[in-house]
Protein chains: 2
Amino acid sequence: MKRIESTQNALVKHWKKLVTMRKEREKTGEFIIEGFHLVEEALKNKDQIIQLIVREGVDLPLLWDIDNLVIITVTDSIAKEISETETSQGVFAHCKQQTVSETDMTNWRKVLLIDAVQDPGNIGTMIRTADAAGMDAVILGKGTVDAYNPKTVRAAQGSHFHIPVVRGDLLEWIERLQDKDIPVYGTALENAIPYTDVKSSDEFAVILGNEGSGIHPQLLDKTNQNLIIPILGQAESLNVAVAAGILLYQLIKKQ
Amino acid sequence: MKRIESTQNALVKHWKKLVTMRKEREKTGEFIIEGFHLVEEALKNKDQIIQLIVREGVDLPLLWDIDNLVIITVTDSIAKEISETETSQGVFAHCKQQTVSETDMTNWRKVLLIDAVQDPGNIGTMIRTADAAGMDAVILGKGTVDAYNPKTVRAAQGSHFHIPVVRGDLLEWIERLQDKDIPVYGTALENAIPYTDVKSSDEFAVILGNEGSGIHPQLLDKTNQNLIIPILGQAESLNVAVAAGILLYQLIKKQ
């Protein structure tokens, strides 16, 4: 077991950058997760773990299968340095982001497309919801926050290890799916039919858009059909992650 | 127009307490909202506004109906003192919390009950969702965070001014609703039927529970029926606000 005591250590500086800088995460294809629940989920995908980081004094659960993993013990100050929470559990994993092959992508038939959603918590909740609903993948278009932002990872509750999350050009993806006769639904307030008019299916894609401005018109023009979730009270709109949940659970075939 | 320049002013101290302390909000029945969108929603309920607070240099929209309202101009340091956001818009309202009469309560037939939900953002999103779904009221049971927490108010996007949100004893509310033949649904992983098996209706109540432990067993025992939202992928559960959205939009009669 390795031990690091200085916050000036090069590896600690790298971790800190992975937590705070999107650029660093994108350049390296790595990210940091924090807390027992998330690390436990990561352990089911051990090939994604570069090393575990454990604050001195923290005991790892005996049942954890940590054979062959590099474990680094760190001081309280280092744990604070790389923690994003006020009350850190003192356990982290330095991970590789998922890689997805062209063959994997070819097989996706139930896809959530996300256009320019800004809030890291919303993106994380949408990834978790897509996972729960049994979707094949989540594709993040231009202007959407980084899927590996610590707040996003926390809100997704481990779903990053269950479902592929990739960046992509949404216009290209719409074409690609439609070429396979997979219908793509947008969400809009005008020229849209009630979402309950669509039959549930094993093959569909749905686009959710920016919290303020919705989906880019260029994308809406290309969909097979745009859907609306009726507002029955006085709220102007629904939270985008809640809307995603309502749509996915309506559209997906449950048996 | 009144102007305050010192952060030591008694009123500024009161505002600051309303932003940071639940006890102060509960003792006084007041709260602070921030930002153009929320203040605009408050203006539709002018009797709830005690005064508007505007940072010097900020122009109020000409269309705002602010006749007869007390407007207080404050310095940048005071605005920072009472702001909960990093980039404040510099416009606030000091408001009274809603009051609800016994007669109002007697007429509620579509009610969202919330048991011990901890995250202020989740509560706010659930209030917004209940509003959007056309519910009559939201009732917060013991152990649920304060509905007037600034994070809750922000997440609710103005729905505090559209739908009654009250504290109450959930056991008493279950009885009260059932006495009027209004079915009360719980959400649970065991002894539950799929939520899609319930017919939509104009009269129902649904309970959502704590993010980690769900609904208290004592409450689950009293429901007419407990419902489950099936998890089709590998996620352990759904975010509680997303679950509320899926359930409310399934249970409520849309026409």
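Taking all Cα pairs closer than 8 Å and separated by 6 or more residues, the relative contact order of chain A comes to 18 percent. Look at where the Cα atoms of segment A:34-54 and of segment B:41-104 average out, and the two centres are 46 Å apart.
What is the extension gain from residue B:67 to residue B:6, computed as 0.36 nm multiplied by their sequence separation minus the C-alpha to C-alpha distance, in nm to one decimal? Provide the component values of the computation, followed by the final result.
Numbers: separation 61, 0.36 × 61 = 21.96 nm, distance 2.63 nm.
Roughly 19.3 nm would be gained on extension.
Residues of segment A:237-255 buried by at least 40 Å² of accessible area upon assembly of all protein chains, compared with the chain on its own (1.4 Å probe): A:238, A:239, A:242, A:246, A:249, A:254. Around the Cα centre of chain B, unit charges on the Cβ atoms of Lys, Arg, Asp and Glu (plus for the first two, minus for the last two) sum to a dipole of about 340 debye. With R₀ set to 25 Å, the beta-carbon distance separating residue B:228 from residue A:89 gives a calculated FRET efficiency near 0.25.
Exactly which GluC sites (Glu not before Pro) in segment A:186-255 are in a DSSP loop and have at most 10 other Cβ atoms within 10 Å? Don't jump to the answer; show the numbers that get you there.
Numbers: sites: A:190, A:203, A:211, A:236; in loops: A:190, A:203, A:211, A:236.
Hits after loop and neighbour filter: A:190.
Near residue B:205, the amide H atoms lying under 5 Å from its own belong to B:111, B:184, B:185; only residues 5 or more places off or on other chains count, and H is placed 1.01 Å from N.
Using a simple spin-label model with pseudo-atoms 7 Å out from Cα toward Cβ, residue B:189 and residue A:27 lie 4.2 nm apart. The mean number of Cβ atoms from other chains found within 10 Å of a Cβ in peptide A:119-131 is 3, as a whole number.
For residue B:24, inter-copy separations between label points set 7 Å beyond Cα along the Cβ vector come to 3.7 nm, shortest first.
Of B:44/B:110; A:254/B:199; B:27/B:151; B:13/B:80, which ones are farther than 21 Å apart at the Cα? Violating the 21 Å Cα-Cα cut-off are B:44/B:110.
For the pair residue B:200 and residue A:151, label points projected 7 Å from Cα toward Cβ lie 3.4 nm apart.
Across the options B:116, B:103, A:234, the greatest Cα extent toward the positive end of the charge dipole of the protein assembly as shown (unit charges at beta carbon of Lys, Arg, Asp, Glu) belongs to B:116.
Measure off, as a whole percent, the carbon and sulfur share of the 1.4 Å-probe accessible area of chain B, all protein chains present.
Values: 5430 of 11750 Å².
Looking at chain B in its full context, I get 46 percent from C and S.
Identify the GluC sites (Glu not before Pro) of segment A:77-128 meeting these criteria: DSSP loop state and at most 12 other C-beta atoms within 10 Å of the C-beta. Passing sites in segment A:77-128 are A:86. Label-to-label distances for residue B:203 across copies, nearest first, come out at 4.6 nm, using points 7 Å from Cα in the beta-carbon direction.
Couplings 3J(HN,Hα) of segment A:139-154, computed from phi: 10, 9, x, 3, x, 8, 4, 5, 5, 9, 3, x, 5, 5, 4, 5 Hz, in residue order, whole Hz [Karplus 6.51 cos²θ - 1.76 cosθ + 1.60, θ = phi - 60°; x for Gly and Pro]. Chains A and B together bury roughly 2500 Å² of accessible area, counting both sides, with a 1.4 Å probe on protein heavy atoms only.
Suppose the Debye formula is applied to equal point scatterers at every Cα of the protein assembly as shown; what is log10 I(q)/I(0) at q = 0.12 Å⁻¹? Log10 of I(q)/I(0), two decimals: -1.22. For residue B:47, the point set 7 Å out from Cα toward Cβ sits 6.6 nm from its twins in the other copies, listed from shortest up.
Summing charges over all other residues whose Cβ lies under 13 Å from the Cβ of residue B:77, with Lys and Arg as +1 and Asp and Glu as -1, gives -1. In order along segment A:29-38, the Karplus-derived 3J(HN,Hα) couplings, from 6.51 cos²θ - 1.76 cosθ + 1.60 at θ = phi - 60°, round to x, 10, 7, 10, 10, 9, x, 4, 4, 5 Hz, and Gly and Pro are given as x.
With a 1.4 Å probe rolled over the protein heavy atoms of all chains, the accessible area of B:88, B:200 falls in the order B:200, B:88, largest first. As a rough guide to protection, the peptides A:179-186, B:129-136 ranked by mean Cβ packing within 10 Å, highest first, stand as B:129-136, A:179-186.
Count charges around residue B:119 for me, please; just the other residues with Cβ under 15 Å from its Cβ, Lys/Arg as +1, Asp/Glu as -1. List each step's numbers first, then the result.
Details: positive: A:128, A:151, A:154, B:22, B:128, B:151, B:154; negative: A:86, A:119, B:115, B:146, B:211.
Around residue B:119, the charge tally is +2.
Return one quarter of the surface area of the convex hull spanned by the alpha-carbon atoms of chain A, equal to its mean projected area, in nm². Don't skip to the end; give the middle numbers.
On the way: hull surface 61.5 nm².
Dividing the Cα hull surface by four gives the mean projection, 15.4 nm².
Take residue A:22: with every protein chain present and a 1.4 Å probe, its accessible area is about 90 Å². Label sites at residue B:218 and residue B:16, each approximated as a point 7 angstrom past Cα along Cα to Cβ, lie 4.0 nm apart.
The values are calculated or read from the model by the stated rules, or taken from the named source; none is laboratory data. Predicted model, so just to flag it, every value in this text is computed and none were measured. Ideal geometry is used to build each Cβ from the backbone, glycine not excepted, and the neighbour counts take in all protein chains shown. Note: accessible area is taken over every heavy atom of the protein model, side chains too, but ligands, DNA and RNA are not part of it. Shrake-Rupley method; radii C 1.70, N 1.55, O 1.52, S 1.80 Å.
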